[in-house]
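Below: one structure, written as structure tokens.
What follows is calculated from the coordinates using simple rules that are stated; it is not laboratory data. Small disclaimer: the values here were computed from a predicted structure and weren't measured. All Cβ positions, even for glycine, are placed from backbone atoms using ideal geometry, and neighbour counts span all protein chains on display.
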């Protein structure tokens, strides 16, 4: 029987762990190879329904490293890729920059909402690097609230079906003042294979009220675990921004996602998109023990989730 398999390619937030310009305690611990904390590349997953092809959900700046670290994404011929399609949740650079690393004259299929596609490809000179020949990139619409089959460049179904649902977020920084904020700028993906198993991938969300009504029948939830607390960055002197300013719901604050655990009703829950400052990265931390005690897992690069 074919099963849906999710491979967590990258479990870190923008910048990964360690972040190139960060000397916080977590980043120092990774650089000095201290036990109990792992390096992480930037957020992306790969999904397979067992037919040999893979669907990437987001395409991080670390995509080349992520492909090389997972042999099932390696070419099987002189010009080949097992990557059948790419689905984007938003236009944030940490979710789309990897597209421009996949420019070597091989056809790509990209599913995105109208708002994300417009911000990424219209009036964007860099996007020309993905127009080297006719059909280099095939764009397919990702409608809100309607399930679609994710098909490869030939139109053959991958076996993965996706429903994109708007979740509260924010327009990418590079589009602020240039494009209108709209519900289709940030979506969660409800992924289903033919036997009916469902995973929800919501790696950026400011309010769980956009998520909880749609968790009935979901087998696995991959949820935004960017920050432990609202003041995580400001308390460390790293930024004046709060988690809410960046449209991320903190884990451990009152009314945070950990407090909502009992209302989520999903057996397997995994935090991903974890910022380099988040204490849950440290296996021995009180915060890590708190999420584990509440039944949560913390994503790591290379984690496999079978449904």
For this session: Using a/c under 1.5 as the rounded threshold, could you call region 40-153 rounded, prolate or oblate? The axes a ≥ b ≥ c are square roots of the C-alpha gyration tensor eigenvalues, and prolate needs a/b larger than b/c, oblate otherwise.
Result: rounded
Seminar exercise, completed: For region 123-269, shape from the Cα gyration tensor axes a ≥ b ≥ c, cut at a/c of 1.5 then a/b versus b/c, turns out oblate
Exercise. Nearest-5 percent of antiparallel DSSP beta bridges in the chain?
Worked result: 50
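As a footprinting exposure proxy, order 191, 264 by other Cβ within 10 Å, with the fewest listed first.
264, 191
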Exercise. Using 7 Å Cα-to-Cβ label points, what is the residue 261/residue 144 separation (nm, one decimal)?
Worked result: 3.2
For this session: Taking only Cα atoms and a 10 Å spring cutoff, compute GNM fluctuations for the chain and point out the largest among 207, 71, 231.
Result: 71
Exercise. Taking springs between alpha-carbon atoms closer than 10 angstrom, which of 125, 77, 195 fluctuates most in the Gaussian network model of the chain?
Worked result: 77
For this session: Considering only 269, 65, 288, give the residue with the highest GNM mean-square fluctuation for the chain, with springs between Cα atoms whenever their separation is below 10 Å.
Result: 65
Exercise. Simple spin-label model, 7 Å along Cα-to-Cβ: residue 131 to residue 289 in nm?
Worked result: 5.7
For this session: Just rank 27, 57, 22, fewest to most, by other beta-carbon atoms within 10 angstrom.
Result: 22, 27, 57
Exercise. With a 10 Å Cβ neighbour count serving as the proxy for reagent exposure, in which order, fewest first, do 228, 296 appear?
Worked result: 296, 228
